[in-house]
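K.L.:
Take a look at the following structure, please.
Each value in this text was obtained by applying a stated rule to the coordinates, not by laboratory testing. Since this is a predicted model, take the numbers as computed values, not measurements. Cβ coordinates were reconstructed from backbone atoms using ideal geometry, including for glycine residues, and neighbour counts include every protein chain displayed.
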Number of protein chains: 4
Amino acid sequence: MVGLAKQEINIGMIGYQFMGKAHSHAYRDIPFFFDSEAKPVLKALAGRNESKVNKAAEKMGWESTETDWRRLIEREDIDVIDIVTPNHTHAEMAIAAAEAGKHIITEKPLALTLEEAKAMYRAIQKNKVVHMVCHNYRFAPAVQYAKRLIEDDRLGRIYHFRADYLQDFIMDPSFPLVWRLKKEVSGSGALGDIGAHSIDLARFLVGEISELVGTMETFVKKRPLGEMAGGLNAEAAKDQYGEVTVDDAVAFLAKFSNGALGTFEATRFAGGNRNKNKLEINGEKGSVRWDMENMNLLDVYLTDDEPGLQGFRTINCTEEEHPYVGVYWPPGHIIGYEHTFIHLLYEFLQGIAKESQPSPSFLDGVRNQAVLQAVEQSAESRRWVKVEQFD
Amino acid sequence: MVGLAKQEINIGMIGYQFMGKAHSHAYRDIPFFFDSEAKPVLKALAGRNESKVNKAAEKMGWESTETDWRRLIEREDIDVIDIVTPNHTHAEMAIAAAEAGKHIITEKPLALTLEEAKAMYRAIQKNKVVHMVCHNYRFAPAVQYAKRLIEDDRLGRIYHFRADYLQDFIMDPSFPLVWRLKKEVSGSGALGDIGAHSIDLARFLVGEISELVGTMETFVKKRPLGEMAGGLNAEAAKDQYGEVTVDDAVAFLAKFSNGALGTFEATRFAGGNRNKNKLEINGEKGSVRWDMENMNLLDVYLTDDEPGLQGFRTINCTEEEHPYVGVYWPPGHIIGYEHTFIHLLYEFLQGIAKESQPSPSFLDGVRNQAVLQAVEQSAESRRWVKVEQFD
Amino acid sequence: MVGLAKQEINIGMIGYQFMGKAHSHAYRDIPFFFDSEAKPVLKALAGRNESKVNKAAEKMGWESTETDWRRLIEREDIDVIDIVTPNHTHAEMAIAAAEAGKHIITEKPLALTLEEAKAMYRAIQKNKVVHMVCHNYRFAPAVQYAKRLIEDDRLGRIYHFRADYLQDFIMDPSFPLVWRLKKEVSGSGALGDIGAHSIDLARFLVGEISELVGTMETFVKKRPLGEMAGGLNAEAAKDQYGEVTVDDAVAFLAKFSNGALGTFEATRFAGGNRNKNKLEINGEKGSVRWDMENMNLLDVYLTDDEPGLQGFRTINCTEEEHPYVGVYWPPGHIIGYEHTFIHLLYEFLQGIAKESQPSPSFLDGVRNQAVLQAVEQSAESRRWVKVEQFD
Amino acid sequence: MVGLAKQEINIGMIGYQFMGKAHSHAYRDIPFFFDSEAKPVLKALAGRNESKVNKAAEKMGWESTETDWRRLIEREDIDVIDIVTPNHTHAEMAIAAAEAGKHIITEKPLALTLEEAKAMYRAIQKNKVVHMVCHNYRFAPAVQYAKRLIEDDRLGRIYHFRADYLQDFIMDPSFPLVWRLKKEVSGSGALGDIGAHSIDLARFLVGEISELVGTMETFVKKRPLGEMAGGLNAEAAKDQYGEVTVDDAVAFLAKFSNGALGTFEATRFAGGNRNKNKLEINGEKGSVRWDMENMNLLDVYLTDDEPGLQGFRTINCTEEEHPYVGVYWPPGHIIGYEHTFIHLLYEFLQGIAKESQPSPSFLDGVRNQAVLQAVEQSAESRRWVKVEQFD
């Protein structure tokens, strides 16, 4: 391979399903598209099932495998631990990795509970490693550009943040009781899985949420037992049923510290919406609208546009003015879902190489978890709940 | 005039601004487009300012005028009292009209308070007149068609009702303190003015709301004094300011009696959204989406569509299968805002002619008001509030 | 009726089907919405079938009827002759009306042939009457606003005009051989019926077409005999078939006198497109896009918008800056198909009252017909054809 | 690297700009996403400028470089020659590669002229190598799915094919005279660069074009000298100007062998349209619409949908029923421009591994070139021209 010396960063990843694939692909693409300081090396992949982890490693280009994640963390040739396993495993793994001095990235939500999340945060603080939580949607160039508009005061004081995250993949009552539907493994349902993404977008774009009131619903209360089978598909057993212990849908109203009013909804029962992660922000000087299913487009309205010519502009965020996207293709040549992971992991590697802490960090993860906890408390107490402001 | 005998119904209308214009126009168009049993006669228009009411009457085609609404109600040649004045006047006028044996239609919201609304309902019940409250948006053919799909069980069990009613006409802090911003005249702000429409659509399409939790915001708390100046425009005084006593925005979460989860938002601070009255309903078998700014279109998703060909259909509801619209133009030739009033008032006149009570009636108005009251109570108490189920 | 004296203009209309209804309705609405100088009076309606014409007159509010259009033209109490009959009758009627000194408006296309159209033009020239041809689509406020942008040089030099007019109402081979499918009655098919509208929009917005090359297709060559039955519906006979003698579809390339390149297509065989009359214009400084099925919206792109914020703005042309629409409802409250006729006939009446000749005039009709003729000649000769520039 | 033995295919690529990047990336992604029979090895990259080619090779992961493409072709360790250089070089390179027994893929258009294209075709025929021309857009899953619908007779007899390919990257008169604007290097302008893509989509989806009539325009006739600078950007010299010798825009009407009517337009002067490659097909039983800027979406209308529920369905072609896309992410998680190259090159490698010839082949390239030539001839002769039907 023709090449110059760059800082190589050795990655060890735990897990290899849907998110494992997204992360692996992103690591491979970073040096191709970006002039990064660091070059990721797909050093080792860990998973309990030896034949499956080997097959995944071959397919995705990992150099070696481990069947015990603790062994992976012990390896001296590993710089980074990337955790893409179900939610209930994040805390133990991340804390162990931090104590071993590894930089850490985990899938979202950070943990099962706020308590766990804080423990994870204390571990990374103590061990001074670089850390991120994988809220990838804020890395869509259109979202990044919205952030820039807000930072440049192009929207003025923010009045409204409005986010619906609509999916429909478990609407069929015969969809099985996979780990995502068990509270002890996933913490919550639509709330932590997709609502957490909307919360991250809200925090990224508008700021901290001070208090909220919410409700959670489980429309289908029993399901056949079964397992995830790649992506968001699953295979169901025939005769055995179990209880769904998480929410199918959640909605909450929120007040932001800066006075904005937020409305949030996350559901897996919105037929026809495969991955409709959408938001609208209304400010004094302008509004923006975005939707992940058409992720390259940002609708922007500017209040001081010339009368008669006022309307939302549909901007295809594939121009050089739009964050990240300049490294790809000419304007109008769109990118996709996987690119959000490229951008996130690029920032992670840059952070390690330049010894600066990128966002969203474990601190963001903790604060996100504080919102998740407040929603659960409010759904229980049927009252407004103050969100713990963690520093 | 060439003509056959039809039942003539003499209308007396109180008020002649925005809604007065919409109603007057609709009466004129009904016999042109519909083969109605009844023919409305624009008999008399009432308003306090003699020169203005005369000018309005001439422009809109009313035969005579009155400067005292009580005199209008006393007139024996009047069959119907149509009330399009600000909200705080509805109750007194409607009760007087009922006692005079007139059929009554009032603009929404029915009244300032639930108590007033109930008094109005008792009056029409006692006097056995035909009555309607003017929730015109349910008369968009696309909404009527959505109703038919739901009644035909094409959506199955309803999981979600989601409505945002977004406007921006008072965002400018120099927009004056018109009657719509004074609690003593309008009862509430965005809540009663536009949120009431979303509530009506929810009740029409999904059913009664059993409980809710909500919040109300006033972003701009002081404004220059001033008056409405036609439509939603206004003229401001220079130096005098007063306090805004109603909500600029409101949001609430709701549970329907049938188990559906509702999310509602109504705001006049959503820049770029002139009259974005939109809703989405997700059911077990399908979903519908609608938006008043493109009111002829209904997006419909059917869960049992052939795999590979699943997606929202954008239906231009201008076909003969779509309610009301067959009387107008060929498919694809759209209708507008004013037609919703034509349909509503057509049903009102048909109700009078056929001695059957149409919807939305004063009973709908009372139930709507009960939801409005619950929202205000919840915003005050910061808790879930049960909606009074009025029969 | 309360009222002040205005100039009354007595209308006599020949025909009462689809266009008759559109015109009748528009006359009724003009004084309601506009402060016009003139007030139209629906004086007399002419049609051969006495019972049908009487029924139509009653329904639409005409004062009297005639069964012989010549008698209508002779009536002294008639100021205007409005011709909404099939195309082959326009010339004879219009010439007779002109000679009787009546102001004239005819449906489009002006005539069956360019020769006929010129004869009509000479007649109105000689008799100094006010004249219009009913190209209603240019009266959509969004189109009028596009015109203003072009006149204000907001698009700069025009490079491209692109128009597709797509319908599907005759795709079913069992749709009968109505008058619109017979060359001797309609002159041409998609070309004169809908292509003529695109040509009018092109001439209005960009200017004269100097030369063109085109082709015409008839996909279904035989159809059952039958008649129009209101709007664009029809009833077919069972056993008798006849030959379709007009085009089902037409397409042509055009060069404008100002150097712009035009592409045109008109078809009744574009399934799913009920009345998709759309256009895009690309100029040096900006572009506009419009589509009659969403007629209130105009997409505008301005080349000198700030980098990063460049994209088509979707403008809901219901603001006071947009032509005509200020007389109706507040911004975001849309209007429909029928309003294009209100605006056109308002201009016609204003022209009569103020003795000024409005557009589109018979001269526009002749020039439009010259383009239609050139398309037919080119389809025949399979070569570029120069369009006769009639003055 | 963990791994099983697969057939390795050694790639040698000539050129490394925009298309070189797209191809390189695709080769890298194929084994990651697909279970392909073959594994591409990025063996050698050729370019005249040693430092630039070395830098590109390092960045994109090529094992070695050559500064003379003839030397690349001579190398025994190369199985495939991938040609991504400007159009005027394709023929010589491809013929040399064929004679050396290499499998070949070239960027489109295949050649400068039909004569060249035929020579290339004869060379690959004689040497029995696998060959493709890189019309990537037909590999969008939505386009592939449209193809399947047509093959399954879901659209019935095709009446209309309508394609506009709109760009705006050279509208600024100061954009320099790059190779794409010189006839001797590129053959033609918008015609061969983007119109060729629309022609490929037409041939893929509808069939062969039998005859056509067209016109070509050059709006800006002189430009400053300059070079491409990555993607579609360029740098201009200050003082030197040269003549643009290709078309800025082209439009043509076409008749397909199966009787369908085609309309085509390709332009680089359509402001606001960055890469608006769009098409609509109308058939007896249904219609499809597609647009590369929203490439995952396919609008489908089916004539026999239930009355009242008829409308275009917007299908997000990210489901397992949609070609290729099942290997990526769950439904609703979109892919981008670069994936079209992954699919095309996957088919190329599969063809080599399985000794079967994929499409689009050089034969497709020749037939495409025959259409390009006919357009140029027609623009010259101003008459309809028959397209040579090459077998």
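K.L.:
For the cross-link pairs B:LYS39/C:LYS55; C:LYS182/D:LYS255; D:LYS39/D:LYS126, which exceed 20 Å when the distance is taken from alpha carbon to alpha carbon?
P.N.:
C:LYS182/D:LYS255; D:LYS39/D:LYS126
K.L.:
Turning to a different aspect of this structure: Could you give, in nm with one decimal, how far A:GLY101 is from each other copy of that position, shortest first, with labels 7 Å out from Cα toward Cβ?
P.N.:
5.6, 9.9, 10.9
K.L.:
Using Cα-Cα distances under 8 Å and only pairs 6 or more residues apart, what relative contact order does segment C:7-136 have, in percent?
P.N.:
This gives 23 percent for segment C:7-136.
K.L.:
May I pose another question? Can you work out ³J(HN,Hα) from phi for every residue in segment B:365-376, in order, using Karplus 6.51 cos²θ - 1.76 cosθ + 1.60 and θ = phi - 60°, giving whole Hz and x for Gly and Pro?
P.N.:
Those phi angles translate into x, 5, 5, 4, 5, 5, 5, 4, 5, 4, 5, 5 Hz.
K.L.:
With springs only between Cα atoms under 10 Å apart, run a GNM on chain C and tell me which of C:LYS285, C:LYS255, C:LYS276 wobbles the most.
P.N.:
Of C:LYS285, C:LYS255, C:LYS276, the Gaussian network model singles out C:LYS285 as fluctuating most.
K.L.:
Hey, another quick one. In nm, one decimal, shortest first: how far is the label point of C:GLU243 (7 Å from Cα along Cα to beta carbon) from the matching points in the other copies?
P.N.:
Once sorted, the set of distances for C:GLU243 reads 5.1, 8.0, 8.5 nm.
K.L.:
Can you say what percent of the DSSP beta bridges in segment C:250-391, counting only those with both residues inside, are antiparallel? Round to 5.
P.N.:
Values: 20 of 20 bridges.
Of those bridges, close to 100 percent are antiparallel.
K.L.:
For segment D:7-136, build the charge dipole from Cβ charges (+1 Lys, Arg; -1 Asp, Glu) around the Cα centre, then report which of D:MET60, D:ILE73, D:ASN136 sits farthest towards its positive end.
P.N.:
Positive-end residue among those listed: D:ASN136.
K.L.:
Can you classify the protein assembly as shown as rounded, prolate or oblate using the Cα gyration tensor, where a ≥ b ≥ c are the square roots of its eigenvalues, rounded means a/c under 1.5, and otherwise it's prolate if a/b beats b/c and oblate if not?
P.N.:
Note, shape of the protein assembly as shown comes out oblate.
K.L.:
Ok, one more. Under 5 Å between amide hydrogens, which residues at least 5 positions from B:VAL387 or on another chain qualify, with H placed 1.01 Å from N in the peptide plane?
P.N.:
Here B:GLU211, B:LEU212 satisfy the definition.
K.L.:
May I pose another question? Could you give the dipole magnitude of segment B:272-349 about its Cα centre, charging the beta-carbon of Lys and Arg +1 and that of Asp and Glu -1, in debye to the nearest 20?
P.N.:
360 debye
K.L.:
Treat every Asp and Glu Cβ in chain A as -1 and every Lys and Arg Cβ as +1, leave all other atoms uncharged, and give the resulting dipole magnitude about the Cα centre to the nearest 20 debye.
P.N.:
580 debye
K.L.:
Report the relative contact order of chain D, percent, no decimals, based on alpha-carbon pairs under 8 angstrom and at least 6 residues apart.
P.N.:
For chain D, the relative contact order is 20 percent.
K.L.:
I'd like the Karplus ³J(HN,Hα) series for segment A:271-284: coefficients 6.51, -1.76, 1.60, θ = phi - 60°, whole numbers in Hz, and an x wherever there's a Gly or Pro.
P.N.:
Result, ordered by residue: x, x, 9, 6, 8, 7, 9, 10, 8, 9, 10, 10, x, 4 Hz.
K.L.:
On to the next question. Counting just the Cα atoms, what span does chain D cover along each of its three principal axes? Round to the nearest Å and put the largest first.
P.N.:
The principal-axis extents, from largest down, are 63, 57, 39 Å.
K.L.:
Which whole number gives the average, over all residues in D:284-297, of C-beta atoms from other chains lying within 10 Å of the residue C-beta?
P.N.:
4
K.L.:
Ok, one more. What is segment A:334-391's relative contact order, in percent, from Cα pairs under 8 angstrom and six or more apart in sequence?
P.N.:
Here the relative contact order equals 25 percent.
K.L.:
Also, I was wondering about something else. Can you tell me which aspartates and glutamates have their Cα less than 14 Å from the Cα of A:LYS6? Leave out same-chain residues fewer than eight positions away.
P.N.:
Here the aspartates and glutamates satisfying the reach criterion relative to A:LYS6 are A:ASP35, A:GLU37, D:GLU58.
K.L.:
Right, next: Answer with one residue from B:PRO31, B:ALA117, B:TYR16: the one whose Cα lies farthest towards the positive end of the charge dipole of segment B:7-136, charges on Cβ with Lys, Arg +1 and Asp, Glu -1.
P.N.:
B:ALA117
K.L.:
Another question about this same structure. Tell me, what HN-Hα J-couplings in whole Hz come from the Karplus equation 6.51 cos²θ - 1.76 cosθ + 1.60 at θ = phi - 60° for each residue of segment B:24-31, using x for Gly and Pro?
P.N.:
Along segment B:24-31, the couplings run 4, 4, 5, 4, 5, 7, 4, x Hz.
K.L.:
Put a point 7 Å out from Cα along the line to Cβ at C:GLU306; what are the distances to that point in the other copies, in nm, shortest first?
P.N.:
So the label point of C:GLU306 gives 1.6, 4.8, 4.9 nm to the other copies.
K.L.:
Starting from the alpha-carbon convex hull of segment B:7-136, give the projected area averaged over all orientations, in nm². Mind showing how you got there, number by number?
P.N.:
Values: hull surface 29.4 nm².
Mean shadow area of the hull around the Cα atoms is 7.4 nm².
K.L.:
Where along chain D is the Cβ that lies nearest the axis linking it to chain A, and how many Å separate them?
P.N.:
D:GLY336, 2
K.L.:
Please give the charge dipole size of segment B:7-136, origin at the Cα centre, charges +1 on K and R Cβ atoms and -1 on D and E Cβ atoms. Round to the nearest 20 debye.
P.N.:
The calculated dipole for segment B:7-136 is roughly 260 debye.
K.L.:
Ignoring everything except DSSP H segments at least 4 long, calculate the 222 nm mean residue ellipticity for chain C; use -39,500 (n - 2.57) per segment, divide by total residues, nearest 500. Could the numbers behind the result be given before it?
P.N.:
On the way: 10 runs with 119 residues, N = 391.
Computed ellipticity for chain C at 222 nm equals -9500 deg cm²/dmol.
K.L.:
Averaged across B:255-264, how many Cβ atoms of other chains sit within 10 Å of each residue's Cβ atom?
P.N.:
Details: counts 2, 0, 0, 0, 2, 2, 11, 1, 11, 1.
Per-residue shielding by partner chains comes out at 3.
K.L.:
Which GluC sites (Glu not before Pro) does segment D:94-180 hold that lie in a coil by DSSP with at most 13 other beta carbons within 10 Å? Walk me through the intermediate numbers first.
P.N.:
Working: sites: D:GLU99, D:GLU107, D:GLU115, D:GLU116, D:GLU151; in loops: D:GLU107.
Filter output for segment D:94-180: empty list.
K.L.:
Follow-up. Which net charge results when you count Lys and Arg as +1 and Asp and Glu as -1 among the other residues whose beta-carbon is under 10 Å from that of C:ASP305?
P.N.:
Summing Lys/Arg as +1 and Asp/Glu as -1 gives -1.
K.L.:
Across segment A:92-138, how large is the tail of the calculated P(r) beyond 17 Å, expressed as a percent of all Cα pairs?
P.N.:
25 percent
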